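Everything below concerns the one structure shown next.
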Amino acid sequence: MAEAADHGKAMPESEKKKEQSLPFYQLFSFADKYDYLLMISGSIGAVIHGSSMPVFFLLFGEMVNGFGKNQMDLHKMTHEVAKYALYFVYLGLVVCLSSYAAM
C-alpha cells in the first residue's frame with residue numbers, strides 16, 4: 001500500500017538517469033591498439049569460422065565423387081578417401097583456432 005503512494009512523489013535529481021546516446025564513431029573512443037588488434041583478430045576469426053561450413057560441403061562433395069569415380073579400383077579409392085580425410089583434419093584444426101580467435 002505504501003509503495004503505491006510513493007509513485008506520486010517526485011524522485012530526487014540524483015536518482016534520475018537520462019538516456020544518453022552517442023554516434024557510432026565515438027563507441028571506440030577509449031579503445032587502444034590492443035583493443036583494435038583484438039577486434040580485428042576476432043573479426044577475421046569469425047569470417048574464417050563462418051566460411052568453414054561451405055568448405056566442408058565442398059570437401060565432402062569431392063570425397064563422395066572420389067567414391068563414385070574409383071569404385072572399381074579399391075587402392076585408388078582408398079587413396080582418395082585418405083587424402084580428403086586429412087583435409088578434414090586440417091579443416092577441423094583451422095575451425096578450432098578460428099573459433100578461439102573469434103571469442
* Which one of GLY50, GLY68 is small (Gly, Ala, Ser), modelled with pLDDT of 90 or more and part of a helix (DSSP H, G or I)? -> GLY50
* Out of the residues in the stretch 12-45 that are among the basic types (Lys, Arg) and either touching a Leu at 6+ places or on another chain (Cβ under 9 Å) or more than 28 Å from VAL94 (Cβ to Cβ) (or both), state the one that is modelled with the highest pLDDT. => LYS18
* Structure fact -> For the stretch 90-103, pairs from a residue that is exposed (fewer than 14 other Cβ atoms within 10 Å of the Cβ) and polar (S, T, N, Q) to a residue that is modelled with pLDDT of 85 or more and outside any helix (DSSP H, G or I), with Cβ under 6 Å and 6 or more apart or across chains, are none
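The values are calculated or read from the model by the stated rules, or taken from the named source; none is laboratory data. All values derive from a computational prediction rather than experimental measurement. Glycine also receives a Cβ, built like all others from the backbone with ideal geometry; neighbour counts cover every protein chain displayed.
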